[in-house]
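One structure is given here, and the rest of the page talks about it.
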Amino acid sequence: MHFAFTDEQLALRDATRDLLTKECTPAHVRDAWTNAAGRVPGLWEQLDAMGVVGLLAPEATGGLGLDFVDLVLVLEETGRHAVPEPIVETAAYGAPLVGRAGVTIAASEWYVPWADSADVIFTAAGRFERAGVTLVPHPSVDGARRLFEVQGTATAVDGDGVLAAYDRGVCGIAAQQCGLADRMLQLTADYVRERRQFGVPVGSFQAVKHHLANARIALEFARPLVYRAAASIAAEHPDTSVHVSMAKSKADAAALQTARVALQCHGAIGYTTEYDLHLYLKRSWALARSWGDAAFHRGRVSRAIL
Amino acid sequence: MDLSESAAEQQFRAECRSWLEAHVPRPALPSGDTRAGFAAHLEWERTLFDARYAVVSWPREYGGREASLWEWLIFEEEYYAAGAPQRVTQNGIFLLAPTIFEFGTQEQKDYVLPKMAAGEHTWCQGWSEPNAGSDLAGIQSRATRDEAGGGWRLSGQKTWTTRGAFCTHLFGLFRSDPEAERHRGLTYFLVALDQPGITVRPVERLDGDEGFAEVFFDDVFVPDADVLGEPNEGWAVAMATTGSERGLTLRSPGRFMATARRLIELARTRTDELDETRRDRLVSAWIDAEAYRWQTFWTVTRAAQGMKSGAESSMVKVFWSELDIELHELALDLLGRHAELLDGDDAAWMKGYEFALAGPIYAGTNEIQRNVIAERVLGLPRK
């Protein structure tokens, strides 16, 4: 048993974090709320150049041919920075499904984020080529997730392949939730250290400490389930779906708990759109109900254990 | 990342399993927190020791088998899965022993460890006092220098001492320099309880067992050889012990996995009581037990690479203590009107529930742990 990442995997995570710290700042994410494409101009190309987008795709098609354990920390970073790009949909879900790199993929059961900039779209109905569909836009509470209903003729996709792809997508979202929770915690810890009331930092009050400690505990015990699910995906473990569902259930809970606590501990400043916290709050709310919510995933676990 | 068990580990697991199947006492022993039950448990400890299963991770010379951390986790999983007895020696082998390995002299190791492993000497913990619980550094029991005798004289009172009425020895903190600042001037002593000046009064716990005791010290002599670590530096030594108490060594995931499995078995026989809400709670609790297991594997991998853990043990302590309560509460809900019965096969759930309720209190209350997490993990200001 060796439950840790390799130096190479950590280096790829660090490189991704460095890139996103520069190229996907809160200002970039805000810009994606209002610009024409709803994404960060140039970011996708940079992620692609790093190999992140095609990480799971076969080398012969321009991918890196690596496995999900190599990808999961990268996806956690994309959550930490609230990256407004179809990275889970392309890198985790779609690239192995279409069998090659270089295709931008959007995917969701119903409301599909970033469908307007994808080459291929997957929904509950099956596979669509972008060229042949009509997209009906819907605004999301997270302005950096442009949603579309997809109308057109779908082609059926092989069942086993879709289930495996779904599990990869769910695990990717769970990893993003961990990244988001960590970011919100960090923002809040920084804030309560500085913010003073009654002559002391508000972070010195036990009520505030205990809120944040509870959120930190939730993250501490969600992450290992996400990493274990990633390993199960990579190893094609027979219980992968159960492991993935445990991960999504705990990661959603950690992100939502952290979101509540982060807002509460910020007070009124957190309740504005001028302050950055809302970018992460809203992403976590949206992701918690995407790819099956926690209750849906506990249902999958329930059928396995009861 | 490799989440598989090696061939040697699988072999070890199989050995543990078949030995436990053949030896675990049936029916289950009476509670080890009563006088009769304690004696029965010591016999079981002797059986474990003779088969080198009492202290698997210790060096061979002290009765162990030099098991790796991974093998120790495997042993614990198998131990609790087999429904084997509680370990009445646990405060010695899981709390004091790691501290002796770290701070003890060669003489202390050679004298204390083999007798502890064999259950010949049983150890209780002398931390809390009537006016020092969570605020451990507030202890008032005194150690006064006895230069002529080459040792110290202890006076004062310890309380809530688990199994203090049955144990032969106590490890504890005493104030040896009353002039020093709170955390300084404390010394860690190893004390035999069968000597003049010591009075032990059993105290009945919430669950009705005499599992607690008050221990009174009236001018009790302890030689220098029984000081663990340096005089007046007992705080650092004690912190090593409390780290073990909160974290991995006392509460391996095998315990909670075994409880969670028994809970699922119970749920299968109580389907009338298993509504949607309880089903969802049951699944959540199962996922939490799994999360605890995998967080442990994560931590053990780091430990195997030589990385030390610090304040993380506070997160672990809050998590397992609350998980344990939830597992038992769910069982009581499923038992419905049978839950309150103290006879029959299911009575163990109420007993277990009462024990679980102590979890958020001992080893530093969960409120204190949350302060530690906020301050040392998240960097929030103390004041």
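Values quoted throughout were computed directly from the atomic coordinates according to the rules given, and no laboratory measurement underlies them. Predicted model only: the values in this text are computed from it and were never measured. Here the Cβ positions follow ideal geometry from the backbone for every residue, glycine too, while neighbour counts run over all protein chains shown.
Just from its helices, what would the mean residue ellipticity at 222 nm be for chain B, if runs of 4 or more DSSP H residues each count -39500 (n - 2.57) and the sum is divided by every residue, rounded to the nearest 500 deg cm²/dmol? Working shown, then result.
Working: 11 runs with 167 residues, N = 383.
Helices in chain B give a 222 nm mean residue ellipticity of -14500 deg cm²/dmol.
Between A:A175, A:A156, A:A101, which gets the highest mean-square fluctuation from a Gaussian network model of chain A, Cα cutoff 10 Å?
Largest GNM mean-square fluctuation: A:A156.
Quick one: which residues, 5 or more positions from B:V203 or on another chain, have an amide H under 5 Å from its amide H? H modelled 1.01 Å from N in the peptide plane, none for Pro or chain starts.
B:F212, B:A213, B:E214
Based only on other Cβ atoms within 10 Å, what is the fewest-to-most ordering of B:E312, B:E43?
By the 10 Å Cβ count, ascending: B:E43, B:E312.
What order do you get for A:D160, B:D209 when you list them from fewest to most C-beta neighbours inside 10 Å?
Final ranking by Cβ density, sparse to dense: A:D160, B:D209.
Take every DSSP beta bridge with both residues inside chain A and express the antiparallel ones as a percent of the total, to the nearest 5.
On the way: 14 of 17 bridges.
That works out to approximately 80 percent antiparallel.
Across chain A, where is the longest run that never hits GluC sites (Glu not before Pro) in a DSSP loop with at most 16 other C-beta atoms within 10 Å?
A:110-235
Considering only B:L173, A:Q186, B:I198, whose Cα is most displaced toward the positive end of the charge dipole of the protein assembly as shown, charges sitting on Cβ of Lys, Arg (+1) and Asp, Glu (-1)?
Checking the options against the dipole of the protein assembly as shown, the answer is A:Q186.
Obtain the nm distance between the two label points defined at B:A137 and B:R13 by a simple spin-label model: each point lies 7 Å from its Cα along the Cα-to-C-beta direction.
With each label placed 7 Å out from Cα toward Cβ, I get 4.4 nm.
In chain B, if the dipole is taken from +1 on Lys/Arg beta carbons and -1 on Asp/Glu beta carbons about the Cα centre, which of B:T301, B:L380, B:G63 is farthest to the positive end?
B:L380
Using θ = phi - 60° and the Karplus relation 6.51 cos²θ - 1.76 cosθ + 1.60, list the HN-Hα couplings for the stretch B:107-112 in order, rounded to whole Hz, with x at every Gly or Pro.
4, 4, 4, 5, 7, 6
Taking the Cα centre of the stretch A:133-232 as origin, work out the dipole magnitude from +1 charges on Lys and Arg Cβ and -1 charges on Asp and Glu Cβ, in debye rounded to 20.
Numbers: 11 positive and 9 negative charges, 118 e Å.
With Lys and Arg at +1 and Asp and Glu at -1, about 560 debye.
Using 1/(1 + (r/R0)^6) with R0 = 35 angstrom and r between the beta carbons of A:T25 and A:I305, what's the FRET efficiency to the nearest 0.05? Intermediate results must be reported in sequence, preceding the final value.
Working: r = 43 Å, r/R0 = 1.23.
According to the calculation, E is roughly 0.20.
Say R0 is 41 Å: what FRET efficiency, to the nearest 0.05, do B:V203 and A:E194 get from their beta-carbon distance?
Details: r = 47 Å, r/R0 = 1.16.
Computed FRET efficiency for B:V203 and A:E194: 0.30.
For the stretch A:140-223, build the charge dipole from Cβ charges (+1 Lys, Arg; -1 Asp, Glu) around the Cα centre, then report which of A:A156, A:S140, A:F205 sits farthest towards its positive end.
A:F205
Shape verdict for the stretch B:84-171, please, from the Cα gyration tensor: rounded (a/c under 1.5), prolate (a/b greater than b/c) or oblate.
oblate
Based on other C-beta atoms within 10 Å, arrange A:C171, A:C265 from fewest to most.
Placing the least packed residue first, the sequence is A:C265, A:C171.
Given H placed on each backbone N at 1.01 Å, which residues far from B:G151 in sequence or on other chains put an amide H within less than 5 Å of it?
Here B:D146, B:D224 satisfy the definition.
If you check each cysteine of the protein assembly as shown for another cysteine whose beta-carbon is under 4.7 Å away, which ones come up empty?
Lone cysteines by the Cβ rule: A:C24, A:C171, A:C178, A:C265, B:C16.
Under a Cβ-only charge scheme (Lys and Arg +1, Asp and Glu -1), can you give me the dipole magnitude of the stretch B:338-379 about the Cα centre, in debye to the nearest 20? Don't skip to the end; give the middle numbers.
Details: 3 positive and 7 negative charges, 81 e Å.
Dipole about the Cα centre, nearest 20: 400 debye.
Send over the Kirkwood Rh of chain B, from the inverse of the averaged 1/r over different Cα pairs, rounded to one decimal Å.
Every distinct Cα pair counted, the radius reaches 22.0 Å.
Tally Lys/Arg at +1 and Asp/Glu at -1 over every other residue whose Cβ is under 10 Å from the Cβ of B:F319; what's the total?
So the surrounding residues net to -2.
State, to one decimal in nm, how far the label point of A:H2 lies from the label point of B:H338, with both points 7 Å from Cα in the Cβ direction.
So the two model labels end up 4.8 nm from each other.
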